[in-house]
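> Please see the structure below; I have some questions.
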Amino acid sequence: MARARKRDRLRWSKLYTFSCFRHPHTDEGGGGGGGPSAASGSPVGGPGFSRVVHCNNSILHRRKPLKYPTNYISTTKYNVLTFLPKAIFEQFRRVANLYFLLTAILSLTPVCPFSPVSMIAPLAFVVGLSMIKEALEDWRRFMQDMKVNNRKVSVHKGDGEFGFRHWEDLCVGDVVRVEKDQFFPADLLLLSSSYEDGICYVETMNLDGETNLKLKRSLEVTLPLEEDETYKDFRGVIRCEDPNPSLYTFIGNLEYERQIYSIDPFQILLRDSKLRNTAFIYGVVIFTGHDSKVMQNSTESPSKRSRIEKKMDLVIYILFTVLVLISLISSIGFAVRIKLDLPRWWYLQPEKSNKLDDPTRPALSGIFHLITALILYGYLIPISLYVSIEVVKVAQAHFINQDLHMFDEETGNTAQARTSNLNEELGQVHTILSDKTGTLTCNQMDFLKCSIAGVSYGVRASEVERAAAKQMASGAADDQDISLEDVWENTEDEIQLLEGVNFSAGNTPKTSIKGFSFEDNRLMQGNWTKEPNSNMVLLFFRILALCHTAIPEVNEETGALTYEAESPDEGAFLVAAREFGFEFSKRTQSSIFIKEKYTSSNGTIEREFKILNLLEFNSKRKRMTVILKDEDDRIFLLCKGADTIIFDRLAKNGRLYEPDTTKHLNEYGEAGLRTLALSYRMLEESEYASWNAEFLQAKTSIGPDRELQLERVADLIERELILVGATAVEDKLQTGVPQCIDRLAQAGLKIWVLTGDKMETAINIGYACSLLRQGMKRISLSTTAGDQVAQDAQKAAKESLMLQIANGSQMVKLEKDPDAAFALIIDGKALTFALEDDMKHMFLNLATECASVICCRVSPRQKALVTRLVKEGLGKTTLAIGDGANDVGMIQEADIGVGISGVEGMQAVMASDFSISQFRFLERLLVVHGHWCYKRIAQMICYFFYKNITFGLTIFYFEAFAGFSGQSVYDDWFMLLFNVVLTSLPVISLGVFEQDVSAEICLQFPALYQQGPNNLFFDWYRILGWMGNGLYSSLAIFFLNICIFYDQAIRSGGQTADMASVGTTMFSCIIWAVNIQIALTMSHFTWIQHVFVWGSIGTWYVFIIAYGMALKSRDNYQIMLEVLGPAPLYWAATLLVTAACNIPYLIHISYQRSCNPLDHHVIQEIKYLRKDVEDETMWKRERSKARQRTKIGFTARVDAKIKQIKGRLHKKSPSLTIHTVA
Amino acid sequence: MSVSGSESEASRRSSKKPKYSKFTQQELPACKPLLTPGIVIGAFSLIGIVFVPIGLASLSASQEIVELVDRYDEECVTASDKIGFIQDTKVNKACTRKITVPKPMKGPIHIYYQLENFYQNHRRYVKSRSDQQLRSKDYKDPKAVIKSCDPEATTGDGSLIVPCGLIAWSLFNDTYAFSVNKKEVQVNKKNIAWASDKNSKFGSDVFPINFQKGGLIGGGNLNDKLPLSEQEDLIVWMRTAALPTFRKLYGRIESDIMASDEITVVIQNNYNTYSFGGTKALVLSTASWIGGKNNFIGIAYVAVGGICLFLAMGFVVLYVIKPRTLGDPSYLSWNKEDAGYSH
């Protein structure tokens, strides 16, 4: 296998100029045996640099003193032994649970008014349930770890034999062989690779989110270790730094064959990055498991709590205050009664009092009673609230996970609610911060158009153009009288159509080539030879096929070629060149081979181009150049790069096509395409020779300015270029992204895009997904500070930025047109300043005024900082969505983090709270699930407060009638079952199944979403209203019952009511009242709600009958069957009290609905009366109106165009074609 | 990649696909009741229509009941030191009361004693009993008995009291002897307690031991020869009342009493309510299906029903003066905003 890869063995160091340079020490002699470096001055061996690795001798590392952790990783919180203590500790860190624990402990003392079991059982239930949940989650984590730990890697087992071993069994010092597209199992020192000069490509997506490949290279001295057998006698010692989280540094040295060589980050392959474009590598393990840099980097994701829960805590505190207050009242009352009355109450034998009720020491007794009261009224603080919320959220999360509308057929992933405690937060999102690559776009490039010699080719419209054209067609068809609604309807259908079938496949069935969507007969099938400028076209194609750093891969079965390119753009170019008949077929050390096929009839000619130099692309140069010699020994320089860069370097005679090309470039940009300009230059032999000498000198120079030197020299030759044309590549948006953004905007959400891309790309994508459009006023913030580090330059840059922001704000302020939209585009450097304390509020103010905000070239850290700024500055809920490891910071920082799964790299998903596989699912996640969950949880919590206040206060009132003695009118078991059994299921069904409107309507009326961000269902008005309702109900239940059962006989038999019957009747009333209440609250009854609500009432009767039969010693023995059941008064009281409790609420909701109906009320009614079917125009009209006024998105774009047309129609003759507008 | 590989890939993908069910997709058929004006008015009217007759029926039942209340604690003690009088065991405490019946009373006539300001619901009191001891003679766990019956569990020398605890100890012990028009009337004291109490909670083999033999004497004494299950006064007493004012059944007079008949009651005024400022009263009452004389529930029903009828009318008026077509889109927030915008 290794031999089969020999053809890959290229010496890249000869071609590359920049990234592939050697460490100065080892670069001496231009590739001979690297010179040993002196260890003097290096910190190796000192503190913090104590690690010693015996290569290929891992036996030494299995024992002390050189025993390092194994490669076993564990991300679990607990293990079998620590689970109980740790999980219990976690549980009782919650204040509420601690309170309940205290009461449970106190219940073992005589102070407690109840039997201990009634206090301990619910607590055990609640804590147990939460712990089971914890255990399950941890188990899942464990399984995931096991999956990773059980991956296999080829390890040297001795005598030059390699064999597979699990990752977890890997030891420091092991030599491993990693094959192409495998992950590195640990942090490795690269020894050699399939390439002759020991380089390899690494994809670090999981570490930093960058998709381009990084180059690593081995030390010169280890290059001979390129076969399995060579490891037979390999020995070496690495001394290096201790484990640390810094990804980009490494200090250490290798002692090999009695020489010391220093190691730098170029030789280090980090765990979780992936080997790409390289057949295999050998490496020696330096850091294993938790010592590895990626594990050192992993931070525990912060636990997030939703706004509702935070507010709920506040309410709980209020209830606590009430609790303490009534307990105080109660204990003062008790003390007073004890002092004044108890001595006279002979039937209590006051003279035999103990300290709990001692008339001589009323204060002390009062204090003891305070504890009793705190326990007794503890029902105000619902212990089961927490567990019910937990159960409900798990169920809601299950629904999110199971939603077929969020299932991605392509990747086979469902949406995942990874942390269920943020479900309701989804319904309150205000700002979305989105990553671009991989989130909005697929990071797949399609060659779409090109401009050659001033002629634009490519008839296929870009996604953006297509969508706009369709909308325009529908808009313009309605000539004079364009009604917005109709446009909307059409676009609506369009969108549905687009969503239904695969977008591109539906339109062009024949295209199946990945990366190539070009369509123009003038160039295809060799027709280009008939074009007027065919020689330029030929040159254009050659540049595409030659100017790159890719390697062809032959599929051994089909013989088809695939290209391993560093960037997807390059891959698209090569595919395009192949389709045009210029197939890049082979690359050798010094040459590129191209199979050229001019027309479809004649055969192919293979041409060889000798590569003389390759000046590679980097973000600073923004261009790439190859210098090569063709078969006629002519020397060409081919250069591709950003248009501005190329245009600056054109020769006087090379500007022939500049005006046309510029025009085309602008068109492409507007169509949302990525553009590059192509140019060439012919070189004279002598000219090249002199330059090359200089270049070689720069290349072999040593020292810090080597790179600058190289750049300068490269710059010398990249001049006097002749423009050939430009390419336009479509950075394919993910399916449904523009539509989704449009809908989210209509739901009133703000969308910010944070991308690491350069400004031009970001702006293109802004256009592509309708965040930007023509006619928008763009405010660009950037600094010219460049790399200057000087203090005053920084200051100047900052001041200029300040001015720019001030100007921008002024501009926004002075704008009179209400429809004017602003877009803010800021680049990373400017952002550094803008995020500083003195400026960030100015910046934020400006940003919130703008309809869209795009931040380009931002680092992962800045993404997190921007997120924090928005979160803290606006005080609103933020949602961050991204797919790469570079988004982790932002995902963790935001109130809700959403990860895109299905693409490579799991870091974002692992850090996220929710994961979806396509950006477009975000709409459903927020507008449907978020909306529902918010309302469900809000209503559920309010109801909980109501229910417990109702119940808790009746206990208090009874106290006042029992001399504040701490006696409860209810049986212990009633109190126990009240929260746990008798009222828990209905409220859970409310939290799980309630739907104010169906999912379909949620999507059709995005405005409904605004009920969440405006917090319509959990504001203080509502909360206090519900609490007031609870207070009223408690009064009604208690006093009506007291009056009914005051002293009279309750049955025709003449018996009077005792405490047990009064308590049982009161409790029956409560059960009825709170369950009828929840039935009135619900607007959606499936059979489940019916079963739970009516079942709860039924359960109460079943319970009381069973209980009455079972326990002979209690006062409740046979109470229902013998005492209350046959008494009409009991039933009459139940009916009366239930009605009295619920009538005020019924009045409230009836009045509200008839006079101030909320949106969902009206929509419910429309649906109920089937008006949507009968009066379709009304339904359509309302649907179109139920959208926030947006300044971004498709709709805004269409509106703007329509306005434009209308304006023109008024002025000019109506002879207008769609083309002029599109 | 081989074909089979991609196939298995595909099957792996589809296997992750959630199975469609109406439940998981939250599409279960549901009824969505709406508060339309019709339903609102209907609901309130219905409550009114149901409640008012119930109220009237119970009021009329309550009106038919004849109830005589005679508070006797004041009159039956002539001495100025009432507490001293009641605590003196040697004094004759008989007291004769005469009650004239205003309306005919049909038998059975229930006899109650009514105490006021007596906290039978005090926690210290309620707790002080041992149900196990009452139920079975075999229950002889002194520790548990002492614990649950504290502070009236043992006599001075430490032997257990049966029935123990404050409740039993403070047993009500006034007695009433009735004669109508000078003719003695028998008081039926059978079946004044719940049958289940007699059968299950108070053992037929448990006899009072050491009762009222502690340091203090509380209320009444018990017949040592009778098992607890037959001591119905005790059983009634031990069902503690919920409120400080309560009535307990004393017995029944099975015969009818005519209007303007005079009932003479000879009361043995033994029970001390004077220490704590409580009152005692004798109550004679007939009963109907609703129980005793209970106007409150009737009034409450009529009131709630009346309010609901009123509300129903109120909503009718509201819908007339401020009509809103159901599902009228002009009430949607965006339409309202627009209206405001144009002004």
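> Give, in nm to one decimal, the length gained when the segment between residue A:663 and residue A:599 is fully stretched (0.36 nm per residue of separation minus the Cα-Cα distance). Mind dumping the intermediate values first?
On the way: separation 64, 0.36 × 64 = 23.04 nm, distance 3.03 nm.
Gain in length upon complete extension: 20.0 nm.
> Something else about it: On a full-extension model of 0.36 nm per residue, what is the gain between residue B:310 and residue B:89, subtracting their alpha-carbon distance, rounded to one decimal in nm?
Working: separation 221, 0.36 × 221 = 79.56 nm, distance 6.17 nm.
Full-extension gain reported as 73.4 nm.
> Top mean-square fluctuation among B:17, B:143, B:93, Gaussian network model of chain B, C-alpha springs under 10 Å?
Result: B:17 has the largest fluctuation of those listed.
> I need the trypsin sites (Lys or Arg not before Pro) found in the stretch A:771-860, filtered to DSSP loop residues with at most 12 other beta carbons within 10 Å of theirs. Show your work: numbers first, answer last.
Details: sites: A:773, A:777, A:778, A:795, A:798, A:813, A:816, A:829, A:840, A:857; in loops: A:773, A:816, A:857.
Answer by residue number: A:816.
> What helices does chain B hold that run 27 Å or longer along their axis, going by alpha-carbon atoms, with a Kyte-Doolittle average of 1.0 or more, using DSSP H for the helix calls? List each step's numbers first, then the result.
Numbers: long enough: B:37-64 (41 Å, 1.52); B:295-321 (38 Å, 2.26).
Taking the DSSP H segments of chain B (at least 27 Å long, mean hydropathy at least 1.0), we get B:37-64, B:295-321.
> Here's another thing I want to ask about it. Any idea which of A:639, A:386, A:175 is furthest toward the positive side of the dipole for chain A, if Lys and Arg beta-carbons carry +1 and Asp and Glu beta-carbons -1?
Projecting each Cα onto the dipole axis, the largest value belongs to A:386.
> On to the next question. Under 15 Å from the Cβ of residue B:103, count the other residues' Cβ atoms, weight Lys and Arg +1, Asp and Glu -1, and hand me the total.
Details: positive: B:106, B:293; negative: B:64, B:67, B:256, B:261, B:262.
Every neighbour counted, the sum reads -3.
> While we're on this one: Which residues in the stretch B:207-229 place their backbone N less than 19 Å from a point set 7 Å from the Cα of residue B:155 along the Cα-to-Cβ direction?
Correct set: B:207-228.
> What's the average, rounded to a whole number, of partner chain beta-carbon atoms within 10 Å of each residue's beta-carbon in B:197-203?
The shielding value for this peptide is 3.
> Take A:1163, A:260 and order them by how many other Cβ atoms sit within 10 Å, fewest up front.
Details: A:1163 27, A:260 17.
Going from least to most buried by this count: A:260, A:1163.
> Taking each residue of A:958-969 in turn, how many C-beta atoms of other protein chains fall within 10 Å of its C-beta, and what is the average? It would help to have the intermediate numbers written out before the result.
Numbers: counts 3, 2, 0, 6, 10, 7, 2, 8, 5, 11, 3, 3.
Mean inter-chain Cβ contacts per residue within 10 Å come to 5.
> Per residue of chain A, what 222 nm ellipticity follows from adding -39500 (n - 2.57) for every DSSP H run with n ≥ 4, rounded to the nearest 500? Write out the running numbers ahead of the final one.
Working: 40 runs with 540 residues, N = 1222.
-14000 deg cm²/dmol, from helical runs alone.
> Counting other C-beta atoms within 10 Å, which of A:153, A:1137, A:52 has the fewest, and how do the rest follow? Please report the intermediate quantities before stating the final value.
Values: A:153 23, A:1137 27, A:52 20.
Going from least to most buried by this count: A:52, A:153, A:1137.
> Would any residue of the stretch A:1079-1116 have its amide N under 20 Å from a label point 7 Å out along Cα→Cβ of residue B:200? List them or say none.
Correct set: A:1099-1116.
> How much length is gained on full extension from residue A:981 to residue A:444, taking 0.36 nm per residue of separation minus their Cα-Cα distance? Intermediate values should be presented prior to the final figure.
Numbers: separation 537, 0.36 × 537 = 193.32 nm, distance 5.49 nm.
Gain on stretching residue A:981 to residue A:444: 187.8 nm.
> Hey, rough spin-label estimate for residue A:1170 and residue A:555, points 7 angstrom out along Cα→Cβ, what's it come to in nanometres?
For the pair residue A:1170/residue A:555, the computed spacing is 5.5 nm.
> In whole Å, what is the distance between the alpha-carbon centres of the stretch A:256-334 and the stretch A:61-111?
Result: 17 Å between the Cα centres.
> Follow-up. Given the DSSP H assignment, sum -39500 (n - 2.57) over each helix run of at least 4 residues in chain B and divide by its residue total; what's the result at 222 nm in deg cm²/dmol, nearest 500? Write down the numbers at each step before the final one.
Values: 10 runs with 113 residues, N = 343.
Using -39500 (n - 2.57) per qualifying helix, the result is -10000 deg cm²/dmol.
> Follow-up question, since we're still on this one. Under a point spin-label approximation (7 Å from Cα along Cα-to-Cβ), what is the residue A:701-residue A:151 distance to one decimal in nm?
About 4.2 nm, to one decimal.
> List the residues whose amide H sits under 5 Å from the amide H of residue A:1084, counting only those 5 or more places along or on another chain, with H placed 1.01 Å from N in the peptide plane.
Those qualifying (amide H under 5 Å, at least 5 residues apart or on another chain) are A:995.
> Amide H neighbours of residue A:586 under 5 Å, at least 5 residues apart or on other chains, H built in the peptide plane: list them.
Here the answer is A:593, since their amide H atoms fall under 5 Å of that of residue A:586.
> Shifting gears a bit: Amide H of residue A:263: which non-local residues (sequence gap of 5 or more, or other chain) have their own amide H closer than 5 Å, using H built in the peptide plane?
Sorted by chain and number, the residues that satisfy this are A:252, A:253, A:254.
> Could I ask something else about it? What whole number of Å gives the distance from the Cα centroid of the stretch A:950-970 to the Cα centroid of the stretch B:177-250?
About 28 Å separates the Cα centre of the stretch B:177-250 from the one of the stretch A:950-970.
> Compute all pairwise cysteine Cβ distances in chain B, then list the cysteines with no distance under 4.7 Å to another cysteine.
B:31, B:308
> R0 = 41 Å: FRET efficiency of residue A:1101 with residue B:96, Cβ-based, nearest 0.05?
Details: r = 49 Å, r/R0 = 1.20.
Efficiency, rounded to the nearest 0.05: 0.25.
> Work out which helices of chain A, taken as complete DSSP H runs, extend at least 15 Å along their axis over the Cα atoms and score a mean Kyte-Doolittle of 1.0 or more, then list them.
Working: long enough: A:95-106 (16 Å, 2.07); A:116-149 (47 Å, 0.35); A:307-340 (49 Å, 1.41); A:362-376 (20 Å, 1.89); A:383-402 (30 Å, 0.82); A:463-476 (19 Å, -0.36); A:484-500 (24 Å, -0.79); A:534-546 (18 Å, 1.88); A:568-580 (18 Å, 0.15); A:658-670 (18 Å, -1.96); A:685-700 (22 Å, -0.87); A:706-717 (17 Å, -0.09); A:791-814 (34 Å, -0.30); A:837-849 (19 Å, -0.45); A:860-874 (21 Å, -0.33); A:931-961 (46 Å, 0.49); A:1020-1044 (35 Å, 1.05); A:1059-1081 (33 Å, 1.42); A:1087-1110 (32 Å, 1.12); A:1128-1155 (40 Å, 0.69); A:1193-1211 (28 Å, -0.68).
Helix filter hits for chain A: A:95-106, A:307-340, A:362-376, A:534-546, A:1020-1044, A:1059-1081, A:1087-1110.
> Let's test the formula: R0 of 41 Å, r as the Cβ-Cβ distance of residue A:169 and residue A:398. What FRET efficiency results, to the nearest 0.05?
Numbers: r = 37 Å, r/R0 = 0.90.
Efficiency at R0 = 41 Å is approximately 0.65.
> Follow-up. Separation between the residue A:712 and residue A:1035 pseudo-spin-labels, each 7 Å from Cα along Cα→Cβ, expressed in nm?
9.0
> Among the GluC sites (Glu not before Pro) in the stretch A:352-435, which ones are in a DSSP loop with at most 12 other Cβ atoms within 10 Å of the Cβ? Mind listing them? Don't skip to the answer; put the middle values down first.
On the way: sites: A:390, A:409, A:410, A:424, A:425; in loops: A:409, A:410.
When the GluC sites (Glu not before Pro) of the stretch A:352-435 are filtered for loop state and at most 12 Cβ neighbours within 10 Å, A:409, A:410 remain.
> Dipole size in debye (nearest 20) for the protein assembly as shown around its Cα centre, Lys and Arg Cβ +1, Asp and Glu Cβ -1?
On the way: 172 positive and 174 negative charges, 569 e Å.
Dipole about the Cα centre, nearest 20: 2740 debye.
> Provide, as a two-decimal number, the C-alpha radius of gyration of the stretch A:655-760 over 2.2 N^0.38 Å, N being how many residues it has. Mind dumping the intermediate values first?
Numbers: Rg = 21.5 Å, N = 106, 2.2 N^0.38 = 12.9 Å.
Computed over Cα atoms of the stretch A:655-760, the ratio equals 1.66.
> Let me know the charge dipole size of the stretch A:286-402 about its Cα centre in debye, to the nearest 20, where only the beta-carbon of Lys, Arg (+1) and Asp, Glu (-1) is charged.
Numbers: 13 positive and 9 negative charges, 50 e Å.
Rounded to the nearest 20 debye, it is 240 debye.
> How large, in Å, is the stretch A:263-371 by the Kirkwood hydrodynamic radius built from its alpha-carbon pairs? List each step's numbers first, then the result.
Values: mean 1/r = 0.0479 Å⁻¹.
Computed over the stretch A:263-371, the radius equals 20.9 Å.
> Measuring from centroid to centroid over Cα atoms, what is the spacing of the stretch B:270-332 and the stretch A:405-435 in Å?
51
> Using a simple charge model, +1 on the beta-carbon of Lys and Arg, -1 on the beta-carbon of Asp and Glu, nothing else, what dipole does the stretch B:113-248 show about its Cα centre, in debye to the nearest 20?
On the way: 20 positive and 15 negative charges, 58 e Å.
Roughly 280 debye, rounded to the nearest 20.
> Of B:274, A:682, A:768, which is farthest on the positive side of the dipole of the protein assembly as shown, counting Cα position, with +1 on Lys and Arg Cβ, -1 on Asp and Glu Cβ, and the Cα centre as origin?
B:274
> Name all residues of the stretch B:238-264 having a backbone nitrogen under 17 Å from the label point set 7 Å from the Cα of residue B:190 along its Cα→Cβ direction, giving them as ranges.
Residues B:250-255 fall inside that zone.
The numbers here are math on the coordinates, done by the rules we state, and not lab data. The shown structure was predicted, so the numbers you read here are calculated from the model rather than taken from an experiment. Note that each Cβ is placed from the backbone with ideal geometry, even for glycine, and that neighbours are counted across all protein chains shown.
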